[in-house]
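Here is the structure we will look at.
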Amino acid sequence: MKTKYRALRIVKWIYRLIGLLVLISGVIAGIVLLTSPAPVIDSTSSSVSISLSGVPVAGVGIGVILSSIFTALVFEGIAEVLSVLMDTEENTLLTTVLLKQMIRSQGKGNSNRATSSLAPSLPPRKKTPQELLDTESEF
């Protein structure tokens, strides 16, 4: 079949690429934050001094990693929704073509008879409560 929606396919791959970049950069930033010591501010003396001798910033590092994973999953989800929409359109088109071929092969010029044979049969009508009461009183 002819490929359609070229721009939408490009947008889908852009979303996937952005999700991958967010994941990679977030994991790298989280690892850096996990391994680097936290800055310690010493303001007891007359001047303020900052040293990097504190404990690692584990909470922030884990938060950055988890948020980058979540964001990457959101971008991948958007890309998958676009894929599903394009696949639905393609399958609908294919089904339409196949149904037209079935109608042509069954009807051979009499399309009314062919379409009526493809129409679903209606279920029997359910009785109303009043009709059920009337039929019970007959017994």
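Overview of values
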{"item": "Nonlocal amide H pairs with residue 57, under 5 Å, H built at 1.01 Å", "result": "36, 38"}
{"item": "³J(HN,Hα), Karplus 6.51/-1.76/1.60, whole Hz, each residue of the stretch 82-89, x for Gly, Pro", "result": "4, 5, 5, 5, 5, 5, 4, 5"}
{"item": "Residue order for 4, 100, 12 - accessible surface, 1.4 angstrom probe, largest first", "result": "100, 4, 12"}
{"item": "Packing-based order for 21-33, 86-98, using average beta carbon neighbours within 10 Å, highest first", "result": "21-33, 86-98"}
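The values are calculated or read from the model by the stated rules, or taken from the named source; none is laboratory data. For clarity, every value in this text was computed on a predicted model and none was experimentally measured. FYI the Cβ positions are ideal-geometry reconstructions off the backbone, even for glycines, and counts take in every protein chain you see. When the accessible area is computed, the model is the full protein with side chains, heavy atoms only, and any ligands, DNA or RNA have been set aside. Shrake-Rupley method; radii C 1.70, N 1.55, O 1.52, S 1.80 Å.
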